[in-house]
């Protein structure tokens, strides 16, 4: 009887200790992924109304804001460099009759160049997007793997400042995310006015997978998403 009682006590102690250990153990978080952004401030000899006015410090402030969103995916965007670039009239000169596709092609022609396999994101700041896409606050142009971000957006009610969450949204496109119908989702219609846009578990899994490969190219974009998504 004494041996049976001792065995019972030993089993009980093991169960209690195992239960406590299980209760105290926290889920293992995803490893944080750090992604470098090189910022570009463009000015245009032939189109001065498009000239970027932001400073390096302004872009660092924007970076802090977008990281608040991307923290939920354990992705941290790291400041790489700040570059000023002047675009001459031979490179970019508008007639005012360009189509949306022609504008995107022109923007693609002046995109920053990365060496093949270079794991870095390029973001080009302009004062506002040129017509006929001036109603857009930004776009991710997959063929050149570049985000274009307008400091302001021209609406029917006038010109408004573009919120940092718009840039976070475009980075979502660069990680293969399509638009969402969820109003408070980062890729949804209400993202720019949400206190903190959210990402679903499926989106988080997708972006973390793409983040390890680099900015999405044309073939990476989902078939349900436009090749050149914009937020309006």
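The values are calculated or read from the model by the stated rules, or taken from the named source; none is laboratory data. Because the structure is a prediction, the values reported are computed rather than measured. Note that we place each Cβ from the backbone using ideal geometry, even for glycine, and neighbour counts take in every protein chain shown.
With the requirement that a residue be assigned to a loop (DSSP other than H, G, I, E, B) and in contact (Cβ under 8 Å) with a residue 60 or more places away in the chain, what does segment 205-221 give you?
Going through segment 205-221, the residues assigned to a loop (DSSP other than H, G, I, E, B) turn out to be 212-221.
Scanning segment 205-221 gives 212, 214, 215, 216, 217, 218, 220, 221.
Would you confirm, using the coordinates I've provided, whether residue 56 is at pLDDT 95 or above, within 28 Å of residue 130 (Cα to Cα) and buried (at least 17 other Cβ atoms within 10 Å of the Cβ)?
So residue 56 fails the test.
Looking at the structure I just gave you, is residue 43 modelled with pLDDT of 95 or more, surrounded by fewer than 18 Cβ atoms within 10 Å (Cβ to Cβ), within 15 Å of residue 122 (Cα to Cα) and more than 13 Å from the chain's Cα centre (by Cα)? Show your work before the answer.
Values: modelled with pLDDT of 95 or more: yes; surrounded by fewer than 18 Cβ atoms within 10 Å (Cβ to Cβ): yes; within 15 Å of residue 122 (Cα to Cα): no; more than 13 Å from the chain's Cα centre (by Cα): yes.
Considered against the rule, which asks whether it is modelled with pLDDT of 95 or more, surrounded by fewer than 18 Cβ atoms within 10 Å (Cβ to Cβ), within 15 Å of residue 122 (Cα to Cα) and more than 13 Å from the chain's Cα centre (by Cα), residue 43 comes out as no.
Looking at (1) farther than 19 Å from residue 64 by Cβ; (2) within 12 Å of the chain's Cα centre (by Cα), which is the only condition residue 123 fails?
Condition not satisfied by residue 123: (1).
Being surrounded by 12 or more Cβ atoms within 10 Å (Cβ to Cβ), on the phi > 0 side of the Ramachandran plot and either in contact with a helix residue (DSSP H, G or I) (Cβ under 8 Å, 6 or more places away or on another chain) or modelled with pLDDT of 95 or more (or both) is true for just one of 51, 74. Which residue is that? Break it down into steps so the answer makes sense when it comes.
Working: 51 fails: on the phi > 0 side of the Ramachandran plot.
After applying the criteria, what remains is 74.
Which of the residues spanning segment 138-150 are in contact (Cβ under 8 Å) with a residue 40 or more places away in the chain and either surrounded by fewer than 22 Cβ atoms within 10 Å (Cβ to Cβ) or more than 21 Å from residue 65 (Cα to Cα) (or both)?
141, 142, 143, 145 - these are the residues of segment 138-150 that are in contact (Cβ under 8 Å) with a residue 40 or more places away in the chain and either surrounded by fewer than 22 Cβ atoms within 10 Å (Cβ to Cβ) or more than 21 Å from residue 65 (Cα to Cα) (or both).
Return a yes/no flag: does segment 143-153 have any residue that is more than 20 Å from residue 176 (Cβ to Cβ), at pLDDT below 95 and not in a loop (DSSP other than H, G, I, E, B). Walk me through it before giving the result.
Initial filter on segment 143-153 (more than 20 Å from residue 176 (Cβ to Cβ)): 150-153.
Those left that are additionally at pLDDT below 95: 152-153.
Now restrict to residues that are not in a loop (DSSP other than H, G, I, E, B): 152-153.
Checked segment 143-153: at least one residue is more than 20 Å from residue 176 (Cβ to Cβ), at pLDDT below 95 and not in a loop (DSSP other than H, G, I, E, B).
Which one is nearest to the chain's Cα centre (by Cα), of the residues in segment 180-204 that are assigned to a loop (DSSP other than H, G, I, E, B), touching a residue at least 40 places away in the same chain (Cβ under 8 Å) and crowded, with 19+ Cβ neighbours inside 10 Å? Steps first, answer last, please.
Kept after step one, since they are assigned to a loop (DSSP other than H, G, I, E, B), are these residues of segment 180-204: 180-184, 186-190, 194-197, 199-200.
Within this subset, residues satisfying the condition of being touching a residue at least 40 places away in the same chain (Cβ under 8 Å) are 186, 196-197, 199.
Going one step further and asking which of them are crowded, with 19+ Cβ neighbours inside 10 Å, we end up with 186, 197, 199.
Working: 186: 9, 197: 12, 199: 12 Å.
Residue satisfying both the conditions and the ranking: 186.
Matching residues to (1) in contact with a helix residue (DSSP H, G or I) (Cβ under 6 Å, 6 or more places away or on another chain); (2) at pLDDT 95 or above; (3) surrounded by 13 or more Cβ atoms within 10 Å (Cβ to Cβ):
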{"position": "108", "(1), (2), (3)": "yes, yes, yes"}
{"position": "119", "(1), (2), (3)": "no, no, no"}
{"position": "127", "(1), (2), (3)": "yes, yes, yes"}
{"position": "136", "(1), (2), (3)": "no, no, yes"}
